[in-house]
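Beneath this line is the structure, given in structure tokens, with notes to follow.
FYI, it's all coordinate maths here, none of it is from the lab. Just so it is clear, the model here is predicted, and its values are computed rather than measured. Neighbour counts run over all protein chains shown; Cβ positions are idealised from the backbone, glycine included.
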Amino acid sequence: MRQINHQISLSTKGRKLYDITPEVLHWVKNCGITTGLLTLYIQHTSASLLINENYDSDVLVDMEAFFNRLVPDGDKLFIHTVEGPDDMPAHVRSALTQTSLSMPVLQGKPTLGQWQGIFLYEHRHIAANRRVILHVIGE
């Protein structure tokens, strides 16, 4: 049984879903683990990770429209606005989504479904440098 770690760094350019699937697939393919478990973890409180459809980009637009309605920027409900009107909504969005993902690795690749992709979901409007830690255990 082996364990291998890696970090993906991404400079975001504001609020949207960033497809990190190609980087994840490439790393897992080259790490030499054919059967195991892959875990991804984002080290931030105003961004998250999602597995969602990566075929039709309208899905990503609709996801953002939904979150804009669910957790609007500048909502008077929030008192934590240290970094601006999108600060607390970014934390709520992160709490409603995921900071980690796990999936089996079979035949040297993550077991994503046909239309699934892995996304870093940036919840802030400002540019940011984000880190995602990848960990795979297996053989």
- Task: For the range 85-95, enumerate the residues that are touching a residue at least 40 places away in the same chain (Cβ under 8 Å) and not polar (S, T, N, Q).
- Result: Asp86, Asp87, Ala90, His91, Arg93
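Please verify whether His125 is touching a Gly at 6+ places or on another chain (Cβ under 6 Å) and either among the acidic types (Asp, Glu) or assigned to a loop (DSSP other than H, G, I, E, B) (or both), treating the condition exactly as stated. Please lay out each step first, then the result.
Details: touching a Gly at 6+ places or on another chain (Cβ under 6 Å): yes; either among the acidic types (Asp, Glu) or assigned to a loop (DSSP other than H, G, I, E, B) (or both): yes.
Taking the combined requirement at face value, the residue satisfies it.
Given the structure, is Pro89 in a helix (DSSP H, G or I) and over 13 Å from the mean Cα position of the chain (by Cα)? Can you show your working first?
On the way: in a helix (DSSP H, G or I): yes; over 13 Å from the mean Cα position of the chain (by Cα): yes.
When the stated conditions are applied, Pro89 passes them.
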- Message: Looking at the structure I just gave you, is Leu77 at negative phi and either in contact (Cβ under 8 Å) with a residue 40 or more places away in the chain or part of a strand (DSSP E or B) (or both)?
- Response: no
- Residue selected from the range 97-115 under the condition crowded, with 17+ Cβ neighbours inside 10 Å and under 16 Å from the mean Cα position of the chain (by Cα), by the criterion farthest from Thr34 (Cα to Cα): Thr97
